[in-house]
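Each remark here refers to the structure printed beneath this line.
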Amino acid sequence: IWTADLIGLPYEGVLTALGAGGVAIAFAARDTVSNMMGGGILMADRPFTRGDLIELEGKLATVEQVGLRSTRLRGLDDTLLHVPNAQLSDRVISNWGRRRRRKSAFAVSLTYDTPREKLAAFVTRLREVVRDQPVTDPADVYVGLSGFGASSIDIDVLCHFRVLAYDEQVEAQHALILAIIALAEEIGVEFAFPTRTVHIAGAAGG
């Protein structure tokens, strides 16, 4: 105010300018403090670490760096995301990178002309094949007939592999599918594929 008086500025204008500037600084400081507090919460709770694959609001991304104010994420489409820590600290985050196992669910379809005895034998042996895979969790395997498809009798397979990385899951599924193909050849059943039967009516009156 003494400087304003010296150069001839009105006190009221200076006070108003200082007030507006103070409010702007306060808002900026509030965001900064919130992000820094969020960073502290993330570092204390450690819901994820660098390299983890996380899901945030329906989007999957890999954690590249956890900073003091923001966290850097890399999306599956290679998009780089900078998310303020204040937003991360109060969101539900699914950490895919810390799963102790990975689920595999698919259907095996056999042709409708498969004899009942072979169908039952295949399902029984299929359950054993899935359970006996080296990385399968044997306590959590489900195999059974699920219904009648448009051109097949369908068998549902649900199991969990005790692997951490996605590439390990791919390898486990690869080995399992080869084992299922070998089982089908051994028992003598055939996998179904989409088929259609067309009936052509004869001309009226012969």
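The values are calculated or read from the model by the stated rules, or taken from the named source; none is laboratory data. Worth saying up front: this structure is predicted, and the values here are computed from it rather than measured. Note that each Cβ is placed from the backbone with ideal geometry, even for glycine, and that neighbours are counted across all protein chains shown. Side chains included, ligands, DNA and RNA excluded: accessible areas come from the protein's heavy atoms. Shrake-Rupley method; radii C 1.70, N 1.55, O 1.52, S 1.80 Å.
Applying the condition of being in contact with a helix residue (DSSP H, G or I) (Cβ under 7 Å, 6 or more places away or on another chain) and in a strand (DSSP E or B) to segment 76-127 and asking which residue is farthest from residue 153 (Cα to Cα) yields 84. Selection of segment 139-151 for residues being part of a loop (DSSP other than H, G, I, E, B) and either of a type in the set (Asp, Glu) or at pLDDT 95 or above (or both) yields 140, 141. Got at least one residue in segment 50-57 being within 30 Å of residue 171 (Cβ to Cβ), assigned to a strand (DSSP E or B) and open to solvent by 50 Å² or more (accessible area, probe 1.4 Å)? Yes, the conditions are met somewhere in segment 50-57. Of the residues making up segment 163-177, those that are surrounded by fewer than 16 Cβ atoms within 10 Å (Cβ to Cβ) and more than 24 Å from residue 115 (Cβ to Cβ) number 9. A count restricted to segment 145-159 and to residues that are open to solvent by less than 30 Å² (accessible area, probe 1.4 Å) and under 26 Å from the mean Cα position of the chain (by Cα) stands at 3.
In segment 112-134, how many residues are loosely packed, with under 15 Cβ neighbours inside 10 Å and of a type outside the set (D, E, K, R)? Residues flagged as loosely packed, with under 15 Cβ neighbours inside 10 Å and of a type outside the set (D, E, K, R) within segment 112-134 amount to 5. For beta carbons closer than 6 Å, sequence separation of 6+ or different chains, a first residue in segment 79-95 that is free of Cβ contacts under 8 Å to residues at least 60 places away in the same chain and closer than 12 Å to residue 54 by Cα and a second that is charged (D, E, K, R) and loosely packed, with under 15 Cβ neighbours inside 10 Å, the qualifying pairs are 94/55. Looking only at residues that are modelled with pLDDT under 95 and of a type in the set (Ser, Thr, Tyr) in segment 89-111, which one is least open to solvent (accessible area, probe 1.4 Å)? The extreme case among them is 104.
So is residue 192 modelled with pLDDT under 95, more than 30 Å from residue 48 (Cα to Cα), open to solvent by 90 Å² or more (accessible area, probe 1.4 Å) and over 18 Å from the mean Cα position of the chain (by Cα) or not? Answer is no for this residue.
Quick one: would you say residue 77 is open to solvent by 20 Å² or more (accessible area, probe 1.4 Å), closer than 27 Å to residue 60 by Cα and out of contact with any Gly (no Cβ under 9 Å at 6 or more places or on another chain)?
In short, yes.
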